[in-house]
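A quick write-up on the structure given underneath.
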Amino acid sequence: MALNLIIKENFSIILRCLHPSNELLGRLRLVPFVQDRIRSIKQEKTIDDKNDAILSALLEVPDDFQESVMNSFIAALRSSGQDHVANVFHQETDKVPMSDEHYRLLSNTLLEVC
């Protein structure tokens, strides 16, 4: 499946689960079509804004380069400890993002859990 299609179909999950750590951003310096945007991504104020900037860059990848960019992005995710997000693109392990239903349940009961 094409990179942009996977992102479009799973945008909210990826946006919620992706962690734009310095380690990930450092590894994204090796990913074509994202590498030139790292400086502006780092300047975003919130995690959601950083994630949106990463995903927006990936959505602009030309069709001919989507597979290679996706493979590089997956490698960056896995090497920065984000297998659960990488598995959205290509399932290799049993780690998956928390479902929207579980996320809402946890968010609604967070005060009780604490």
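The values are calculated or read from the model by the stated rules, or taken from the named source; none is laboratory data. Everything numeric in this text was worked out from a predicted model, so none of it was measured. Don't worry about glycine lacking a Cβ; one is built from the backbone with ideal geometry, like all the others, and counts go over all protein chains shown.
Summed over segment 3-29, residues that are among the polar types (S, T, N, Q) and closer than 15 Å to His90 by Cα total 2. Counting the residues of segment 71-95 that are surrounded by 19 or more Cβ atoms within 10 Å (Cβ to Cβ) and either of a type in the set (A, V, I, L, M) or over 13 Å from the mean Cα position of the chain (by Cα) (or both) gives 6.
Every residue, every condition in (1) of a type in the set (Phe, Trp, Tyr); (2) touching a residue at least 24 places away in the same chain (Cβ under 8 Å); (3) in contact with a Gly (Cβ under 9 Å, 6 or more places away or on another chain); (4) surrounded by fewer than 17 Cβ atoms within 10 Å (Cβ to Cβ), yes or no:
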| residue | (1), (2), (3), (4) |
| --- | --- |
| Lys8 | no, yes, no, yes |
| Arg16 | no, yes, no, yes |
| Ser40 | no, no, no, yes |
| Asp64 | no, no, no, yes |
| Val69 | no, yes, no, no |
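In segment 22-62, of all residues being among the hydroxyl-bearing types (Ser, Thr, Tyr) and not in a loop (DSSP other than H, G, I, E, B), the one that is farthest from Ala86 (Cα to Cα) corresponds to Ser40. In segment 101-114, the residues that are within 17 Å of Ser12 (Cα to Cα) and modelled with pLDDT under 75 reach residues that are part of a helix (DSSP H, G or I) and of a type in the set (A, V, I, L, M) with C-beta atoms within less than 8 angstrom, at least six apart or across chains, in these pairs: Leu106/Val113.
When Glu44 is tested against (1) modelled with pLDDT of 95 or more; (2) buried (at least 17 other Cβ atoms within 10 Å of the Cβ), only condition (2) is not met.
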